[in-house]
Amino acid sequence: MKIRVLFPVGTEYYLESPWVEVNGKRSFEPVVGQPKWKLTDTVKEALQKGTAAVDNSMSISDVYTASPTGPMVKPMASGITQETENNQISLTLQSAVAGSVVRLGLAGNNLGIFDGAEPVKDMTIGGTFGPETVKVLGNLANYGFVKIKKLHFEASSADVFALTPRFKTYSHVGECKQDKKLYYPKASADDDNTNIRTMDERFLKENDIDLTLNGKNYLEIPVPNGENVNLTLYTCFYPKG
């Protein structure tokens, strides 16, 4: 029996890869058309029945860059209807009062499952899309998957890093399924001063942090009163449908 190899995207979904397995042996067979998304519960049932295989080592960026021999090569153009987009989004945060917070992944038209959480609370926003940067990011998370691969923070003072970001995931009925604290890394020797922090891919992997925004979760970043942060998000985007 031939089955498609899948890989996880965040905690909610799996995506088809360009590989199949026949009697446990893997072969290269790119998806015809657009790869399909599958819910985690559906995949778990398929694994129990033996009608699915999962490769946890793969990521969205691998979908169209696999070669028959395994190594990653340049993306194949033939037959591709959608590709991942890798880029950067800049975001500036300026706090005016205590309790200021921004929630990346939320927008004004988000699903009403977040217990009244606001995208921006008592914060002045700027960045790639000006004051609308947080809203645009939230809309992208509704339309597709936004994987944050790296975050670079430049703060007005190290006091910013005394507060703790959180990554929250909700069910479709508004239950908080995950509330994970994200502690800032220490300042590295590569940074100019203690006001700079970087959550790179290695840091995120070592701390088991997957920052894939999918419309049902958000990254919450608090900023102390009177402080500001210049934040660069290194992102990978893939449409859902």
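A short reminder: the numbers here are calculations on the coordinates, not readings from a lab. Treat the numbers as computed from the prediction; the structure is a model and nothing was measured. Note that each Cβ is placed from the backbone with ideal geometry, even for glycine, and that neighbours are counted across all protein chains shown.
Taking the average, over residues, of other Cβ atoms within 10 Å as the packing measure, peptides 127-133, 212-218, 174-180 rank 212-218, 127-133, 174-180 from highest down.
If you take the charge dipole of the chain about its Cα centre, with +1 on Lys and Arg Cβ and -1 on Asp and Glu Cβ, which of Leu231, Ser27, Asn139 is farthest toward its positive end? The listed residue farthest towards the positive side: Ser27.
Under 5 Å between amide hydrogens, built in the peptide plane, is the criterion, and for Trp19 it picks out Val5, Glu29 among residues at least 5 positions away or on other chains. Counting charges near Glu21 (Lys, Arg +1; Asp, Glu -1) among other residues having Cβ under 11 Å from its Cβ returns a value of +2.
For the range 85-239, take the alpha-carbon Rg, divide it by the Kirkwood Rh, and send me Rg/Rh.
When Rh is taken as the Kirkwood radius, the ratio is 0.94.
For the chain, the longest principal axis of the Cα atoms and the long axis of helix 133-143 meet at an angle of about 20 degrees.
For the range 85-239, the residue among Ile196, Leu219, Ile89 whose Cα projects farthest onto the positive side of the dipole built from Cβ charges is Leu219.
Shape class of the range 2-62 from the alpha-carbon gyration tensor: oblate, with a/c at 1.5 or above and b/c at least as large as a/b. On the beta carbon distance between Glu132 and Ser156, with R0 = 25 Å, the FRET formula returns roughly 0.65. Rounded to the nearest 20, the Cβ-based charge dipole of the chain about its Cα centre (Lys and Arg +1, Asp and Glu -1) stands at 740 debye.
Computed over the chain, the per-residue total of -39500 (n - 2.57) for DSSP H runs of n ≥ 4 gives a 222 nm mean residue ellipticity of -3000 deg cm²/dmol, rounded to 500. Applying 0.36 nm per residue to the separation of Lys240 and Lys121 and subtracting their alpha-carbon distance, the gain on full extension is 40.0 nm. Checking the cross-link pairs Lys149/Lys186; Lys49/Lys205; Lys25/Lys216; Lys36/Lys168; Lys25/Lys240 against a 27 Å limit on the alpha carbon distance flags Lys49/Lys205; Lys25/Lys216; Lys25/Lys240 as lying beyond it. Between Val102, Val136, Val173, the GNM of the chain built on Cα springs shorter than 10 angstrom shows Val173 fluctuating the most.
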